[in-house]
Amino acid sequence: MPRIAIASALAALPLDEDLPALHAALDAAGLQHETLSWDDPTVSWQRFDAVLLRSTWDYTQRLPEFLTWCERVSTLTRLLNPLSIVRWNTDKHYLGELAQKGVPVIDSFYIEPGQAAEDFPDLAEFVVKPTVGAGSRDTQRYGREERPAAIAHIRRLLDEDRAVLIQPYLSAVDTQGETALLFFAGKFSHAIRKGPLLKRGEGPTRALFAPEHISAREPSAQEMADPSRRSRPVCRGLEGSPQLT
């Protein structure tokens, strides 16, 4: 019987509300499974037929260590998702790569360590976030009149040797939320709606992740269409785990 390791983080275990449903689904499929902390040095990952990245939500603060662990695990068993995808997906510079390939992406402006914190366009409303981040940690929404505070935020991230991403805020998020379409092996499975997370005048969360409001929804015909045929930006870099974003 196949054995699956579900990789989590110690701090995430009591917060992962979907984990019981995942356990039930694996039981129904006849799969043996254990949920383990990715950084537990006592685990022999080669005992498992696959290691599924589930809620390793502290990876953003420990990215080099986390990627080293992923690399080691991928030599011992099957890592889901593959190492190359995890490496690419953990840093939001991938949005720039998608834009270069013609994928509709909201305008994304990057500031690298060593560059000037104020070197970004004049925007009416915008979001500042680290390029390596999840759960809205160190992420904040600003208006034009708050630019000095935003520059201070950017400078703090740069001083921590973290690259920064600035994007215009899409006002439709406040009324429509964000829709994610989930596909498995190229086949559409379902869609979810994530409600707005960032509020003006509210500092970034200090928790492992900001509370999310997620609900099921039926995608529109436009949302189901080939993204390359759309005229509006569709990809903004959703906050989440490396296997999900």
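For segment 69-208, report the translational diffusion coefficient in µm²/s to the nearest whole number, using Stokes-Einstein at 25 °C, 0.890 mPa s, and a Kirkwood Rh over Cα pairs. Spell out each step's value before the answer.
Details: Rh = 16.9 Å.
In µm²/s, the coefficient rounds to 145.
Say a site is exposed when it is one of the GluC sites (Glu not before Pro), sits in a DSSP loop, and has at most 11 other Cβ atoms within 10 Å; what is then the longest site-free stretch of the chain?
Details: sites that count: Glu17, Glu160, Glu202.
Longest stretch, sites excluded: 18-159.
Cα convex hull of the chain: mean projected area in nm², to one decimal?
On the way: hull surface 57.1 nm².
Mean projected area of the Cα convex hull: 14.3 nm².
Provide the FRET efficiency to the nearest 0.05 for the Ala172-Ala24 pair, computing r from the beta carbons and using R0 = 30 Å.
Values: r = 35 Å, r/R0 = 1.18.
The formula returns an efficiency of 0.25 here.
Need one number: nm distance between label points at Met224 and Asp107, each 7 Å from Cα along Cα→Cβ, rounded to one decimal.
Distance between the two pseudo-spin positions: 3.3 nm.
Under the definition of Cα pairs under 8 Å and six or more residues apart, what whole-number percent is the relative contact order of segment 1-160? All intermediate terms of the calculation are to be shown ahead of the outcome.
Working: 180 pairs, mean separation 29.6, N = 160.
It rounds to 18 percent for segment 1-160.
Can you tell me how much longer the chain between Arg144 and Ala216 gets when fully stretched, taken as 0.36 nm per residue apart minus their C-alpha distance, in nm with one decimal?
Values: separation 72, 0.36 × 72 = 25.92 nm, distance 3.40 nm.
Taking Arg144 through Ala216 to full extension adds about 22.5 nm, to one decimal.
Nearest-5 percent of antiparallel DSSP beta bridges in the chain?
Numbers: 23 of 39 bridges.
Once the DSSP bridges in the chain are tallied, antiparallel ones form about 60 percent.
Under a 5 Å amide H to amide H cut-off, with H placed in plane at 1.01 Å, what residues pair with Lys92 once short-range neighbours are removed?
Val132, Gly133
Fewest first, what order do Ser108, Ser171, Ser37 take by the number of other Cβ atoms within 10 Å? Write out the running numbers ahead of the final one.
Working: Ser108 21, Ser171 11, Ser37 18.
Arranged by neighbour count, lowest to highest, Ser108, Ser171, Ser37 become Ser171, Ser37, Ser108.
Starting from the Cα-Cα distance between His190 and Asp39, subtract it from 0.36 nm times their residue separation and give me the gain in nm to one decimal.
Working: separation 151, 0.36 × 151 = 54.36 nm, distance 3.16 nm.
Length gained, His190 through Asp39: 51.2 nm.
Please go through segment 39-142 and write out the trypsin sites (Lys or Arg not before Pro) that DSSP classes as loop and that have at most 11 other C-beta atoms within 10 Å. Spell out each step's value before the answer.
Details: sites: Arg47, Arg54, Arg62, Arg72, Arg78, Arg87, Lys92, Lys101, Arg137, Arg141; in loops: Arg62, Lys92, Lys101.
Answer in residue order: Lys101.
None of the figures in this text is laboratory data; all of them are computed from the coordinates on show. Fair warning: this is a prediction, and the values are worked out from it, not measured in the lab. Cβ atoms come from the backbone with ideal geometry, glycine included; neighbour counts cover every protein chain shown.
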